[in-house]
Amino acid sequence: MARRPGAEPLTARLHKALHRARIGVRKAGVDYFRGDGSDWLALVALLISVPAIAAATLWHPQWVGPTALVLPVIAGGLLLRPANLLALYGTSAAALIVEAALFGPYDEGPDRITPGTVLVVAAVGLFGLLIAQFRSRVGVPWRRGGTMLFDLRERIRVQSKLPRLPQGWHREMALRPAGGQSFSGDFVVASRTQGGNILEVVLTDVSGKGMDAASRSLLLSGAFGGLLGSLPPHGFLPAANGYLLRQDWDEGFATSIHLVLDLESGDYELLSAGHLPALQLSAGTGRWEEKTGTGPLLGVYDGAQFDPVKGRLRPGDVLMMFTDGLVESADRDLTEGIDRLTGEADRYVAGGFTGAAWHLIETVAKDVNDDRALLLICRDA
């Protein structure tokens with residue numbers, strides 16, 4: 001039979017159909033992994049597993065007990081939407097009824113379906129339904145939820161990295177969340193501006209701690225990172241204050257300290273929004289001196305003024321900034337905590353402050369259930 005003009009050969013059409021099917025399967029797999037696709041494939045697999053487990057229980061109950069039905073029930077709570085999960089539960093209940101009918105009364109042998117078996121499967125199903133409803137309400141499937149949190153944590157970590165400094169300068173930064181968690185209410189944003197000659201660093205302590213402050217800390221770190229370097233140094237804290245006020249949070253205040261450092265001359269300005277003072281070590285005298293600007297907390301009232309304090313880092317000098325979790329706790333006041341911090345920091349004067357930030361946190365406030373952050377800027381002698 002002659003082929004019509006312009007018609008593709010059968011092999012070419014089959015090849016295109018196979019290619020479209022392969023692309024469709026791949027896209028469906030990717031969407032399912034990301035949590036954007038349908039859960040019908042998981043539903044079918046779990047529906048098939050229920051009678052398979054029931055058959056294995058009837059065949060060899062010593063190895064596959066009646067409570068083995070909790071396995072697809074648990075998987076369904078993690079994989080399925082609430083509506084499809086009910087279909088799985090109905091199939092599991094039918095399997096239990098069939099097993100009970102074929103095994104006979106539970107008081108005639110140890111392998112029978114007991115009321116405890118029914119209660120265990122029902123309790124697991126209830127917890128699975130609660131998990132599925134929570135995932136549905138949040139809109140983040142379990143397959144994607146952990147990946148999203150991991151991505152957020154890494155973005156915060158990358159954003160908190162300090163830029164490289166020219167020769168003659170050294171920086172150290174350590175941040176430890178409360179309770180060993182991955183998210184903190186303390187964060188750092190930094191940038192080199194004016195052709196790299198000016199280093200701007202902002203250390204912020206959001207109200208709350210750990211996971212309670214994580215969402216606000218994430219939002220503010222992104223906003224502050226966008227503001228830093230886009231505004232004149234004296235305009236940063238007023239703009240940050242205005243941004244925080246516009247959020248209208250119930251617990252929306254934060255403290256912040258803003259360092260503007262000239263990397264050529266060593267001159268700097270410190271602007272503070274209710275934050276603890278920075279400490280400067282003078283290489284000439286070997287003493288620590290408090291340096292702080294004046295200004296209210298961020299997010300308290302509009303039109304706040306932030307007055308800077310000026311200073312200079314000479315060769316061998318060190319500037320240390322930190323949050324209150326490092327120096328303040330229930331069993332000691334702020335002055336005692338600062339004295340302990342400077343006492344421990346004196347041990348690094350002779351050998352240099354390389355690697356000192358983490359060690360200082362471990363020594364001064366290792367077990368404090370609060371967020372702790374420490375930043376060191378050193379000018380080499």
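The values are calculated or read from the model by the stated rules, or taken from the named source; none is laboratory data. If you're wondering where the values come from, they're calculated on a predicted model, not measured in any experiment. Because the Cβ atoms are built from the backbone with ideal geometry, glycine has one as well, and the counts that use them run over all protein chains shown. Side chains included, ligands, DNA and RNA excluded: accessible areas come from the protein's heavy atoms. Shrake-Rupley method; radii C 1.70, N 1.55, O 1.52, S 1.80 Å.
Quick notes on this one:
- Put simply, when 82-95, 65-78 are sorted by average Cβ atoms within 10 angstrom per residue, most first, you get 65-78, 82-95.
- Among Ser49, Ser136, the order of accessible area from largest down is Ser136, Ser49, computed with a 1.4 Å probe on protein heavy atoms.
- By accessible area with a 1.4 Å probe, ligands and nucleic acids excluded, highest first: order of Trp358, Trp169, Trp249: Trp358, Trp249, Trp169
- The simple spin-label model puts a point 7 Å past each Cα toward its Cβ; for Lys16 and Gln133 those points are separated by 5.0 nm.
- Ranking Phe224, Leu281, Ala240 by how far each Cα lies toward the positive end of the dipole of the range 217-350 (charges on Cβ) leaves Leu281 at the top.
- Placing pseudo-labels 7 Å out from each Cα toward the beta carbon at Arg332 and Glu251 gives an inter-label distance of 2.5 nm.
- Rough spin-label spacing in nm, given labels placed 7 Å along Cα→Cβ, for Arg314 and Ile48: 7.9
- Kirkwood Rh and Cα Rg combined as Rg/Rh, the range 230-381: 0.99
- Values of log10 I(q)/I(0), in the order q = 0.13 Å⁻¹, for the range 49-130 under a Debye, Cα-only, solvent-free model: -0.37
- For the range 179-318: rounded, prolate or oblate by the Cα gyration tensor [a/c cutoff 1.5]: prolate
- Ordered from largest to smallest accessible area (heavy atoms of protein chains, 1.4 Å probe), the residues Thr255, Thr114 come out as Thr114, Thr255.
- The relative contact order of the range 272-357, computed from alpha carbon pairs under 8 Å that lie at least 6 residues apart in sequence, is 25 percent.
- FRET efficiency for the pair Thr294 and Leu58, taken as 1/(1 + (r/R0)^6) with r the Cβ-Cβ distance and R0 = 56 Å, rounds to 0.10.
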